[in-house]
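The next block holds one structure in the form of structure tokens; read it before the comments.
The values are calculated or read from the model by the stated rules, or taken from the named source; none is laboratory data. Being a predicted model, the structure only gives us computed values, none of them experimental. As a convention, Cβ positions derive from the backbone with ideal geometry for all residues, glycine included, and neighbour counts pool all protein chains shown. Protein only, heavy atoms only, side chains kept; ligands, DNA and RNA dropped before computing areas. Shrake-Rupley method; radii C 1.70, N 1.55, O 1.52, S 1.80 Å.
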Amino acid sequence: MMQLVKLLFDIFFTLFGWITSYYSIFSLKNLPEFWKGILITVAALMCFIYGVVHVIEYYRQNRFIFNNQEDANNYLSKWIGKNTGHVVIYTNDMSWADTDKLRGILQEKAENKNLTMCLRRTTTMTEALHQKGAELFIHDKMPELKARFIIVDYKGNNPKVSAYTTDDQRRYINKQYDTQHDPLVREVFMDLAKLATQNATTVKP
């Protein structure tokens, strides 16, 4: 919220500077009403476009902040979804997925061989998903993970990444990356996923 307020103030003061400079360059008193109208219209249109572009750019950051686990889980349920191809989850133990909705989505992914889990430790739920067809890789010698990520459409033409963590206020922070806007960052996560499946203990069904 504070970032949005800051953005609005930045836009306001920038536009204020533009307008005052505009009026200092053009002396409107001596211009015909027709040209005054055109200049004012052009200035207003430019200010509007400037504001819209910056607001759109703000929302294109694809950064989501949730104050509770329920909202974060609703986001992850939509992110993993049913039509997202192969999903790779890199996390500690997937304890966050212990809801009926997420379990149902993950179970369907596992049964369709569309789920890969890279974990520090297994749980009853992840073992059950593994038995239903999900790939399971264990990194039991790694320290507790602060940042985790989920890749959807991993084997498709446009894989997307959602990285997530918690901040000092125990809020859930999620940031999305895709081919169009963050191709290099996306490739870093793709490489991490490959390393996670190569340098881990493979659990066989």
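Quick notes
- Tensor-based shape of the range 78-205 (alpha-carbon gyration tensor, a/c under 1.5 rounded, otherwise prolate or oblate): rounded
- Summing charges over neighbours of Thr99, with a neighbour being any other residue whose Cβ is under 14 Å away from its Cβ, gives -1 when K and R count +1 and D and E count -1.
- Rounded percent of accessible protein surface that carbon and sulfur make up, the range 95-205, 1.4 Å probe: 50 percent
- Peptides 140-147, 102-109, ordered by how many other C-beta atoms sit within 10 Å of their residues on average, highest first, read 102-109, 140-147.
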